[in-house]
Each structure stands twice: as structure tokens, then as C-alpha cells.
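**Student:** Just dropping this structure here.
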Amino acid sequence: MTGAKASPPPLPPGARAEPVAPDVLSGWSADDQVAVLRLFAQGCETDPPLRQGAVSPPALPALCTKAAALLAAGDVRQDAARRFFADNFTFWRIRPPGAERGFMTGYFEPEFEGSLTRSEAFPTPLYGRPADLVTKMPGDDWPGLDPTLTSARRTAKGLELFPDRAAIEEGALAGHGLEILWMRDPVDRFVLQVQGSGRIRLPDGKVTRLVYAGRNGHPYTSLGRELSRRENIPPEQMTMDKLVARLKADAGFARELIRLNRSFVFFARNDALPADSGPIGGAGLPLTPLRSVAVDRSLWPYGMPAWIETEIPDGKGGSERLARLVLAQDTGTAIVGPARIDLFIGSGAEAGHRAGLIRHPFDFVVLWPR
């Protein structure tokens, strides 16, 4: 239970943190906290993480270790798991600036056809991380460059702007041997880059896994928002399915629209991942459907537990009440703000369909270590 002297998590101006007790959370006593305790015990993040996140409060990694020791000591029941989170964390309902609730979207791990060799059927290259790409870390100062850039190119003269999407598609990376595989078209590549990970089914039936390896640092532009504006589609009716269908229907239009998003993501192959494992998130750990969330990595540390409550589409024309404990294990360019999250739905087309429907307000309660 939250004590009177408990300190709230640090928040940006305008955001509020209100203390709550876990036993007043709707669904707290019905959730499977043992499952989350097991995920939490796997660690807060790898060293180094896949994408650098906010500095973790010192108590958080220690609690990950404490959870592992608790599980190693014997069978842990739900009441013991609930006590672990209630005794070691204070609970804070996060109100974003100018609003009472947060905003949640969904994402997934797509699967596409691809090839390790270029052909007429697979002409669109996917690139590995360039050797001269530098990722901006917290505290870095890059004089002369736009402060909003998150990556740059290292040259003999110093750091320079990295080529944007249009320049890369025009051949800025040609001849560097960075191609790791080829996809059917730029629309498939765009979806893969938005999701940040994926599975590629090769012509021989084998599947190779892709993990995020960096991006060129240019700002991300929402193509769904742009298509809504151009074609007068109400934003609440715009889904990933509709966007992809529109892009697939007109290659010239797709090329022009996709280039509006100057951000370009690079990948690495990881064939060591088990087929039943989720993709690797920003924390460097596998993601779990409906338990892993992406957060603003400039504000929240990886490994942070949180409680979410909302109503989301079930992907079959109905809806599902979601009230559960989740873990911050990923991040994303479009995930900005103290109460903005992306919920990982799963892998494959069905998960993708459902993820594309989620654009919902939600209640966000952060568990902050005592």
C-alpha cells in the first residue's frame, strides 16, 4: 500500500501522479501475477539493452533479483506474488498533461515472405546496421545538428546527418554490403519497420527472425494520420489493415506516401530465437503477448511493472475488458509521453489485425519501487 512518505516517479511538467492502493484496482485479485513475477524475475534488461532506456531506479534491478530468489525458493502462489508487488512497490495513477487517461495502441510481430538472394520476386532490400551509424545517448551533445535527431553518421569531419528514407531508396547505401535479405515490396518493408521486428519465411520454408538494430535518426511520420487527412477518413476509422490495403493497391502512391516517413529502420537476423519465443524488445528480452508494453524510453525504465485497465477490440467484432499487470520491455519512436503505451499483441496476421484496431484511452498505474 502506498505510504504517506512515498515519493512519486519523476514526471514531465503538467503530468500528475496520484497514489492508489492495489486492492482498489478493478481486477487486481483476479489477475495472474505469478506469470508476471516469472517474467519480472528474468531481469529488467540485458547489458547492454537493444535500445537505451531511461536510467533505472537503483531498487528496480535489485527487485528483479529478489523475485528470482523468491521463485527459486519454491512454488509461489498468487497471494504471495500479489504481496511481492504490493510490498515492494508504490502504485501511482498517471494523468498525462491536459487529460485524465492515457492512450494505448497495439503492435505485433509480422511474418512476410522473403529471400536471402535478390530476385524479380524479391527486389526490396532490408539492411543491417551501417558501421558509421551513431546512436545518440542520454546526455550527448551534437553541436550543429538538429537536437531532435536520434542518430547520425560518423565521418572523418565529425558527425553528419544520416541519409533519410528517400536517399536510401535512391541508393545511398548501395555498394556497402548491408543487404541481409530481400522482401516482396516496400509496403512489406514499411510494416516491418513500423513494428520493429518480424519473421521472414524463406523459399525453402525455413523462418528467419529479425530484430531491431538501429535507425537513421530522422523523425517518424504517421502514414495513417497522413492518409486520414488526404482522403478525409476519420482517424478513429483508420487501421493498419486499411492503410496497407491502400498502399498495396497503388505502387506509385505507396512509394510517395512511404517516403514522407523519413525514418528508416535497420535490422539484424537472429536465428537462435526459438520459434515459440516472442520477438526481442528494446530491453533485449523476449516479448510476451498482452504482458509486454512499449513505453517512452526517455521517461520510464525497462522492467517497470504497470497496471492497465481499458476495453479493447477482440479482433472478431467484439470487445474485451483488459485489466492486468504488464511490464515495460520495449519502446518505439511514436511512443511519446508519460501515459502513452504500445501493447504487444503477438505474432502473425491475426495478431496484426487486432493490433491495428487498438487506439484506446486507458488507465495507467505505474508500480514504482519503494
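**Student:** Can you confirm whether the range 316-323 contains a residue that is crowded, with 20+ Cβ neighbours inside 10 Å and at negative phi?
**Tutor:** Looking for residues that are crowded, with 20+ Cβ neighbours inside 10 Å and at negative phi, one finds none in the range 316-323, hence no.
**Student:** Give the range 179-194 a look and list any residue that's among the acidic types (Asp, Glu) and open to solvent by 30 Å² or more (accessible area, probe 1.4 Å), or say none.
**Tutor:** Of everything in the range 179-194, those that are among the acidic types (Asp, Glu) and open to solvent by 30 Å² or more (accessible area, probe 1.4 Å) turn out to be Glu179, Asp185.
**Student:** Take the conditions open to solvent by 10 Å² or more (accessible area, probe 1.4 Å), more than 25 Å from Arg82 (Cα to Cα), modelled with pLDDT under 95 and of a type in the set (Asp, Glu) and apply them to Asp296. Does it pass?
**Tutor:** No.
**Student:** In this structure, is Asp363 part of a strand (DSSP E or B), open to solvent by 10 Å² or more (accessible area, probe 1.4 Å) and under 16 Å from Ala283 (Cβ atoms)?
**Tutor:** No.
**Student:** I'd like to check something: does the range 266-284 contain any residue that is open to solvent by 50 Å² or more (accessible area, probe 1.4 Å), assigned to a loop (DSSP other than H, G, I, E, B), over 24 Å from Arg201 (Cα atoms) and touching a residue at least 12 places away in the same chain (Cβ under 8 Å)?
**Tutor:** no
**Student:** Spot the failing condition for Thr239; the list is (1) at pLDDT 95 or above; (2) surrounded by 17 or more Cβ atoms within 10 Å (Cβ to Cβ); (3) not charged (D, E, K, R), and only one is missed.
**Tutor:** (1)
**Student:** Output the residue which, of all residues in the range 128-178 that are of a type in the set (Ser, Thr, Tyr) and in contact with a strand residue (DSSP E or B) (Cβ under 6 Å, 6 or more places away or on another chain), is most open to solvent (accessible area, probe 1.4 Å).
**Tutor:** If we take residues in the range 128-178 being of a type in the set (Ser, Thr, Tyr) and in contact with a strand residue (DSSP E or B) (Cβ under 6 Å, 6 or more places away or on another chain), then Thr135 is most open to solvent (accessible area, probe 1.4 Å).
**Student:** Of Ile335, Ile345, which residue is in a loop (DSSP other than H, G, I, E, B), crowded, with 17+ Cβ neighbours inside 10 Å and either among the hydrophobic types (A, V, I, L, M, F, W, C) or in contact (Cβ under 8 Å) with a residue 60 or more places away in the chain (or both)?
**Tutor:** Every option except Ile335 fails the conditions.
**Student:** Right, another one. Sort out which residues of the range 64-102 are touching a residue at least 60 places away in the same chain (Cβ under 8 Å), part of a helix (DSSP H, G or I) and aromatic (Phe, Trp, Tyr), and write them in order of number.
**Tutor:** Phe85
**Student:** Being of a type in the set (Asp, Glu) and closer than 19 Å to Val20 by Cβ narrows it down to one residue among Asp296, Asp314, Asp276, Asp363; which is it?
**Tutor:** Only one candidate passes the filter, namely Asp363.
**Student:** Also: Can you report the number of residues in the range 73-131 which are within 18 Å of Ala174 (Cβ to Cβ) and of a type in the set (D, E, K, R)?
**Tutor:** The qualifying residues number 2.
**Student:** Follow-up question, since we're still on this one. Six or more apart or on different chains, Cβ under 7 Å: which pairs go from a residue in the range 124-147 that's in a loop (DSSP other than H, G, I, E, B) to one that's acidic (Asp, Glu)? Could you list them?
**Tutor:** So the pair list comes out empty.
**Student:** Out of all the residues in the range 10-38, which are in a helix (DSSP H, G or I) and of a type outside the set (Gly, Ala, Ser)?
**Tutor:** Within the range 10-38, Pro22, Asp23, Val24, Trp28, Gln33, Val34, Val36, Leu37, Arg38 meet the criteria.
**Student:** Condition (residue is open to solvent by less than 20 Å² (accessible area, probe 1.4 Å), within 20 Å of Trp307 (Cα to Cα) and either part of a helix (DSSP H, G or I) or free of Cβ contacts under 8 Å to residues at least 12 places away in the same chain (or both)) applied to the range 52-63: is it met by at least one residue?
**Tutor:** Yes, the range 52-63 has at least one match.
**Student:** Need the failing condition index for Arg225 against (1) in contact (Cβ under 8 Å) with a residue 40 or more places away in the chain; (2) farther than 23 Å from Phe162 by Cα, just the number.
**Tutor:** (1)
**Student:** A further question follows. Provide a single number: the residues in the range 255-265 that are open to solvent by 10 Å² or more (accessible area, probe 1.4 Å), closer than 12 Å to Glu226 by Cβ and assigned to a loop (DSSP other than H, G, I, E, B).
**Tutor:** 2
The values are calculated or read from the model by the stated rules, or taken from the named source; none is laboratory data. Values in this document were obtained by computation on a predicted structure and should not be read as measured data. Using ideal geometry, Cβ is built from the backbone for each residue, glycine included, and neighbour counts are taken over all protein chains shown. Note: areas computed on protein heavy atoms with side chains; ligands, DNA, RNA excluded. Shrake-Rupley method; radii C 1.70, N 1.55, O 1.52, S 1.80 Å.
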